[in-house]
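Encoded as structure tokens, the structure appears first; notes follow it.
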Amino acid sequence: MARKAQTKKEEKTEYTAEFLLNWYEQALLMRKFEEKAGFIYQTQQKIRGFCHLYIGQEAVAVGVAAALRPDDYMISAYREHGQALAKGMSANSIMAELYGKITGCSKGKGGSMHLFSKEHRFMGGHGIVGGQIPLGAGIAFKIKYLKEDSVCVCFMGDGAVRQGALHETFNMAMLWKLPVIFICENNLYAMGTSVERTSNVTDIYKLGLAYDMPSEQVNGMETREVYEATKKYVELARQGHGPAFLEIRTYRYRGHSMSDPAKYRTKEELEQFKMLDPVMDLKREAIEAGATEAQCEAIEQKVNQIVEESVRFADESPFPPAEELYKDVYAEPNYPYIHY
């Protein structure tokens, strides 16, 4: 069984129509933004390099972000478009980054896998599998060292839990009671390899139990469940109780990346998970709570406009000038190994 930490009596969230419509708008923006990005990648080739879509996993980003404050940190792997949007980064800055333009959030140097925003405390976007896990603990160490009141959420995929750095990090995070929530987005496949083929432990949350870390498995297709679980452990971390590990079971509707035809899974499996579409579920829940079809249509029009504006912004933005190649490489601009 999952080990669950005790917390103070929590205030229950009132899931009003307005509350759920806000979540629906966020999830729909993620979906429409990535559908547009995928279309541009395949048909216009204005987006190049690697591109990993989050379609199907929107409930995770929406639910987790809703449990955070603006001063909390988020760090992730390379399937992070939806998480960046949920943390408050603009569609314009992200689409421009996908295009490799200077107006992108990483000045066009990072692309799809390396989205950053100091302003929104979104610390990447990391292409090295599992590389963000010790960095997430490092951010939490900084928070504790400076006696700040924020927390760090560190996302990873199910493939990343095979990295030795995860176990070293879990040990130190528990030893020092760091304010970090480790979240494994288990979409059942590490690239094209199923969890069953790579691990004897298929209930990934159990890995945290070896370190006496509060650990729990969560239904990642239900935004409310993601939100409630994240909120509980975020507040515990904020109170000084240390880290937690959530295995959030979700599913991606597209392949691992744009070059993946996803032939390793059946059409029946995919259709089964599409019946659990988190975006459509949020719309249904909002209507059941009293929202109208007109309100939902207004949100859909607004989201479409945001996405189209992001494409226009990216198209009209310039590429980085050649001298940008030498900038942002070292913290000190005149580091002795840089020669112009």
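Annotations
- Stokes-Einstein translational diffusion, segment 50-112 - Kirkwood Rh over all Cα pairs, 1.002 mPa s, 20 °C, in µm²/s: 177
- Helix-only [θ]222 nm of the chain, DSSP H runs n ≥ 4, -39500 (n - 2.57) each, per residue, nearest 500: -13000 deg cm²/dmol
- Stretch gain in nm, segment Ile102-Glu225, where the contour uses 0.36 nm per residue and the Cα spacing is subtracted: 40.4 nm
- Rg and Dmax, both from the Cα atoms of segment 19-150 and both in Å, are 14.7, 50.
- Chain lengthening between Lys177 and Asp203 when straightened (0.36 nm per residue, less Cα-Cα): 7.0 nm
- Taking the chain as a Gaussian network of alpha-carbon nodes connected by springs under 10 Å, the highest mean-square fluctuation of the residues Met191, Met156, Met89 belongs to Met191.
- Projected label points at Glu235 and Phe319, each 7 Å from Cα along the beta carbon direction, are separated by 5.2 nanometres.
- Three-way shape call for segment 182-255 based on the alpha-carbon gyration tensor, with the a/c threshold at 1.5: oblate
- The chain, dipole about Cα centre (Lys/Arg Cβ +1, Asp/Glu Cβ -1), debye to the nearest 20: 800
- The fraction of all Cα pairs in the chain landing in successive 20 Å bins from 0 to the largest distance is 31, 59, 10, 0, given as whole percents.
- Nitroxide proxy distance, nm - points 7 Å out along Cα→Cβ at Glu18 and Glu300: 2.4
- Gain on full extension, evaluated as 0.36 nm per residue between Lys118 and Lys142 minus their Cα-Cα distance, stands at 7.1 nm.
- Normalising the average separation of contacting C-alpha pairs (under 8 angstrom, six or more residues apart) by the number of residues puts the relative contact order of the chain at 25 percent.
- Placing dummy labels 7 Å off each Cα toward the beta-carbon, the span from Arg265 to Glu332 is 4.9 nm.
- Ordering of 92-104, 33-45 by packing [mean C-beta count within 10 Å, highest first]: 92-104, 33-45
- Placed amide H near His126: partners under 5 Å, 5+ positions off or other chain: Ser76, Ala77, Tyr78
- Footprinting exposure proxy for Phe170, Phe313 (fewest neighbouring C-beta atoms within 10 Å first): Phe313, Phe170
- Here the ratio of the Cα radius of gyration of segment 212-313 to 2.2 N^0.38 Å is 1.42.
The numbers here are math on the coordinates, done by the rules we state, and not lab data. If you're wondering where the values come from, they're calculated on a predicted model, not measured in any experiment. Here Cβ is always computed from backbone atoms with ideal geometry, including for glycine, and neighbour counts include all displayed protein chains.
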